[in-house]
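Every read-out reported here was derived from the displayed coordinates using simple, explicitly stated rules and does not represent laboratory data. Given the structure is predicted, the values throughout are model-derived calculations rather than measurements. Cβ: placed from backbone, ideal geometry, glycine included. Neighbour counts: every protein chain shown.
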Amino acid sequence: PNQISVALAVVFILNSVALLIFPYIGQVLNLTQQEFGLWSAIAIHDTSSVVGAASKFGDEALEVATTVKLARALWIIPLSFVTVLLFKNKETRVKIPWFIAFFIAAMCLNTFVPFVQTISAPIVLISKAGLTFTLFLIGTGFSVKVIKSLGAKPLILALALWFFISIVSLLVIMR
């Protein structure tokens, strides 16, 4: 639980920083709307932070960022199945996470069953409340003491990876 709290806190902090500085960096580097949208979708972890940063930069950046980020999120499904196939063996049974099955079912129901679309708004509201409550519970376990108990390595690794992905993706996009 402590590791999860710290991991989520680091991700939230880095997303907040990106939300504030990415649009400024994009302007300083004179990125186009498309370049910024692509960069934010690749380098910012959380979809809501991607949307926030891109919307500050412009409408076209928002459209590109949202499309790319959602496409990346959808790749979770086939990659999960490929991972199961790659790592399965006769001795240990690889389990597909239940949330992936629910995600696929919800996607299919909302797309192909008209009745579900009429009740999807309350379901989305309940889902958001549940997610918020879960994150709150995880967050209550987060403190400076917890960070100190885990040491500096996780924070340094997170920062290093964030800078690496941000800089390398930006350089590739600007090329």
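Please state the relative contact order of the stretch 1-120 as a whole percent: Cα pairs under 8 Å, 6+ residues apart?
In percent, rounded to a whole number, it is 18.
Subtracting the Cα-Cα distance of Asp59 and Ile76 from 0.36 nm times their residue separation leaves 3.5 nm of extension gain.
Within the listed set Trp39, Trp98, Trp162, the Gaussian network model of the chain (springs between alpha-carbon atoms below 10 Å) gives the highest mean-square fluctuation for Trp98. Between the stretch 107-130 and the stretch 1-67, what's the alpha-carbon centroid distance in Å? Going from one Cα centre to the other spans 27 Å. The helix-based estimate of mean residue ellipticity at 222 nm for the chain, built from -39,500 (n - 2.57) per DSSP H run of four or more residues and divided by its residue count, is -28000 deg cm²/dmol to the nearest 500. Panel order for Ile25, Ile126, by other beta carbons found within 10 Å of each beta carbon, from fewest to most: Ile126, Ile25. Screening the chain for whole DSSP H helices with an alpha carbon extent of at least 20 angstrom along the helix axis and a mean Kyte-Doolittle hydropathy of at least 1.0 yields 2-28, 98-112, 114-139, 153-174.
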